[in-house]
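None of the figures in this text is laboratory data; all of them are computed from the coordinates on show. Keep in mind it's a predicted model, so treat the numbers as computed, not measured. Note: ideal-geometry Cβ built from the backbone for every residue, glycine included; neighbour counts use all protein chains shown.
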Amino acid sequence: MGQNVPKRVVPRTGAPQASMVEWADSAQESISEILIPAYENKFNKTFDTFDSKELDVFEDMRFDVLCNHEPFSEVSDNSVLGAMDNPKFKNARALKEKLFIACTEKFGRGIDKEEVTELHSKIYLILQGE
């Protein structure tokens, strides 16, 4: 994997839900930085040339890794590999699919990358029981 420096986002005092969502947003960025080079290598092409199905698979993988990290934990090459090997929330992807379908139906369109990240963070919050 890449030579990324482990990142740790420390929660601010105050609203725990908001800080957990902030951590989840930041963690997804770190997870992407770790996974993208491996994903590009696997398919022997650059990330910006992936088709929508390949991007959907990547987003599912990134979401699974996020859900298998403890809140406010360090995101590193080792933690990402460990999260891929030990799924913690087996129902996470089913919940994600239901929410994505509901959002698509409500708004009458697909959801963009920023909205995907935001939904991932909110689902993570739900799964953590906050």
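Considering only residues in the range 60-69 that are assigned to a helix (DSSP H, G or I) and without any contact (Cβ under 8 Å) to a residue 60 or more places away in the chain, the one that is nearest to residue 100 (Cα to Cα) turns out to be 60.
Specify which of the listed residues (88, 122) is in a helix (DSSP H, G or I), of a type in the set (D, E, K, R) and surrounded by 12 or more Cβ atoms within 10 Å (Cβ to Cβ).
On the way: 88 fails: in a helix (DSSP H, G or I).
Every option except 122 fails the conditions.
Select, from 111, 31, the only residue that is surrounded by 13 or more Cβ atoms within 10 Å (Cβ to Cβ), among the hydrophobic types (A, V, I, L, M, F, W, C), within 16 Å of the chain's Cα centre (by Cα) and part of a loop (DSSP other than H, G, I, E, B). Going through 111, 31 in turn, just one is surrounded by 13 or more Cβ atoms within 10 Å (Cβ to Cβ), among the hydrophobic types (A, V, I, L, M, F, W, C), within 16 Å of the chain's Cα centre (by Cα) and part of a loop (DSSP other than H, G, I, E, B): 111. Can residue 48 be described as in contact (Cβ under 8 Å) with a residue 12 or more places away in the chain and loosely packed, with under 15 Cβ neighbours inside 10 Å? No.
Mind checking whether some residue in the range 72-84 is among the aromatic types (Phe, Trp, Tyr), surrounded by 13 or more Cβ atoms within 10 Å (Cβ to Cβ) and at negative phi? Talk me through it step by step, then tell me what you get.
Taking the range 72-84 and keeping what is among the aromatic types (Phe, Trp, Tyr), we get 72.
From what is left, the residues that are surrounded by 13 or more Cβ atoms within 10 Å (Cβ to Cβ) are 72.
Cutting the leftovers down to at negative phi gives us none.
The answer is no; no qualifying residue exists.
Could you check, for the range 70-80, whether at least one of its residues is among the aromatic types (Phe, Trp, Tyr) and either touching a residue at least 12 places away in the same chain (Cβ under 8 Å) or touching a Gly at 6+ places or on another chain (Cβ under 9 Å) (or both)? Looking for residues that are among the aromatic types (Phe, Trp, Tyr) and either touching a residue at least 12 places away in the same chain (Cβ under 8 Å) or touching a Gly at 6+ places or on another chain (Cβ under 9 Å) (or both), one finds at least one in the range 70-80, hence yes.
Which of the residues that make up the range 57-68 are within 11 Å of the chain's Cα centre (by Cα) and either aliphatic (A, V, I, L, M) or within 19 Å of residue 37 (Cβ to Cβ) (or both)?
Within the range 57-68, 58, 59, 60, 61, 62, 63, 64, 65, 66 meet the criteria.
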